[in-house]
1. Could you grab me the full set of residues in segment 7-54 that are touching a Gly at 6+ places or on another chain (Cβ under 8 Å) and either within 21 Å of VAL111 (Cβ to Cβ) or of a type in the set (D, E, K, R) (or both)?
2. For segment 167-180, which residues satisfy the criterion of being near the ligand (Cβ under 10 Å from one of its atoms) and under 20 Å from ASP134 (Cβ atoms)?
3. Would you mind finding the one in ILE86, ILE66, ILE98, ILE58 that is modelled with pLDDT of 95 or more and in contact with a Phe, Trp or Tyr (Cβ under 6 Å, 6 or more places away or on another chain)?
4. Can you tell me which condition ASP134 does not meet? The list is (1) in contact (Cβ under 8 Å) with a residue 24 or more places away in the chain; (2) within 11 Å of the ligand (Cβ to nearest atom), and all the others hold.
5. Could you check ILE98 against (1) in a loop (DSSP other than H, G, I, E, B); (2) more than 14 Å from the ligand (Cβ to nearest atom); (3) hydrophobic (A, V, I, L, M, F, W, C) and say which number it fails?
6. Considering only segment 82-95, state which residues are away from the ligand (no atom under 14 Å from the Cβ) and part of a strand (DSSP E or B).
7. Could you grab me the full set of residues in segment 32-45 that are of a type in the set (A, V, I, L, M) and surrounded by fewer than 22 Cβ atoms within 10 Å (Cβ to Cβ)?
8. Restricted to segment 46-86, and to residues that are among the acidic types (Asp, Glu) and surrounded by fewer than 19 Cβ atoms within 10 Å (Cβ to Cβ), which residue is nearest to VAL114 (Cα to Cα)?
Amino acid sequence: MTIKNRGTNNFFQINDRALSHKAKIVVHGNNNLIRVGPKTKLGKSSVDIDGNNNIVEIGSDCAANIVLKFRTDNACFRMGEKTTAIDARFYFHEHYHIEIGKDCMLSAGIVMSVSDMHNIMDLDTGLRINEGKDIVIGDHVWIGFLVQVMKGARIGRGSIIGTSAIVTKTIPEYCIAAGNPAKVIRKNVFWERRLSPSVDSKTARYPALQLQASWEGELDFAR
Ligand SMILES: CC(C)(COP(=O)(O)OP(=O)(O)OC[C@H]1O[C@@H](n2cnc3c(N)ncnc32)[C@H](O)[C@@H]1OP(=O)(O)O)[C@@H](O)C(=O)NCCC(=O)NCCS
C-alpha cells in the first residue's frame with residue numbers, strides 16, 4: 001500500500017486494512033478528501049488525483065478493484081456501502097460527479113467517464129457542445145462485463161446492464177438494459193448475487209416481491 005501526499009490540506013480517512021499491498025493513492029494538489037469506510041477492502045486499486053477540492057468517499061463493507069483518475073478540481077466520486085467491483089475505471093476530467101448506490105455489483109472491464117476528455121465545438125456558434133455531466137447509479141444495480149457508462153447516464157435502482165452495453169441516457173429502475181446505446185430489453189425484474197443452477201427455472205418461484213421488500217427494508221434501515 002502506498003499513499004503519496006504531494007500537496008497541502010489533503011485529508012485521508014482510511015481504515016488500516018482497507019488497502020491491499022497493491023493499492024496506491026497519489027495526490028498532487030490541495031484540499032482533497034479521501035474517505036474509505038470500515039470493513040471495505042480495496043485490492044488492485046489506485047486513486048490518482050491531480051487537482052484541488054476533489055472528494056472520494058467509499059462506503060463501508062465494499063470490496064473493489066477500482067481505478068480513479070482525477071485531472072480536474074471540484075469533482076466527486078461516491079460509492080455506497082456493500083458495493084463490489086471486479087475491475088472498474090472512473091475518469092474525471094471535469095468537475096462532475098459519479099455517484100454509485102449501495103449494494104451494487106460491478107463486473108470486470110467497466111469504464112465510466114464524466115466527460116469526453118476533449119472539446120467538441122459547433123462550427124457555426126463556436127460554442128462547445130460536449131460539456132461534462134454527472135453519472136448517477138441507484139442502489140442494487142448490476143453492471144455486466146465490459147460496460148461503458150457515458151457522461152449524463154443514470155441507472156435506476158435494481159436494474160441490470162447487460163454485457164458490453166454502452167449506457168448514454170436514463171435507464172429506469174428494476175429492468176434489464178443492453179446494447180449500444182443501451183435500451184430496455186425486459187421490465188420488472190429483480191436480481192440477487194446468488195446463482196442456483198440446480199433450480200428448475202420453469203417451476204421454481206422466487207418470492208421476488210418479498211425479496212425486494214426485505215432488501216429495500218434493509219437499505220432503509222441502513223440509512
Ligand atoms: C442482459 C442479460 C442479463 C439478458 O439476459 P436474459 O434476460 O436471459 O435475456 P435473453 O438472453 O433472453 O435475451 C433477450 C434479448 O436481449 C438480447 N440480449 C441479451 N443480452 C444482450 C447483450 N448483452 N447485448 C445486446 N443484446 C442482448 C438477446 O439477443 C435477446 O434479443 P431478442 O429478443 O431480439 O431475441 C444477459 O444477456 C447479460 O448480458 N448478462 C450479464 C452477464 C455478465 O456480465 N455477468 C458478469 C458477472 S459479474
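The values are calculated or read from the model by the stated rules, or taken from the named source; none is laboratory data. This structure is a prediction, so every number in the text was calculated from the model and none was measured. Note that we place each Cβ from the backbone using ideal geometry, even for glycine, and neighbour counts take in every protein chain shown.
1. LYS22, ALA23, ILE49, ASP50, GLY51, ASN54
2. ALA177, the sole residue that qualifies.
3. Values: ILE86 fails: in contact with a Phe, Trp or Tyr (Cβ under 6 Å, 6 or more places away or on another chain); ILE66 fails: in contact with a Phe, Trp or Tyr (Cβ under 6 Å, 6 or more places away or on another chain); ILE58 fails: in contact with a Phe, Trp or Tyr (Cβ under 6 Å, 6 or more places away or on another chain).
Residue meeting the stated conditions: ILE98.
4. The number of the failed condition is (2).
5. Answer for ILE98: the failing condition is (1).
6. Going residue by residue through segment 82-95, those that are away from the ligand (no atom under 14 Å from the Cβ) are 82, 89-95.
If the condition is that a residue be away from the ligand (no atom under 14 Å from the Cβ) and part of a strand (DSSP E or B), then ARG89, PHE90, TYR91, PHE92 are the ones that fit.
7. The one that is of a type in the set (A, V, I, L, M) and surrounded by fewer than 22 Cβ atoms within 10 Å (Cβ to Cβ): LEU33.
8. In this case the residue turns out to be ASP73.
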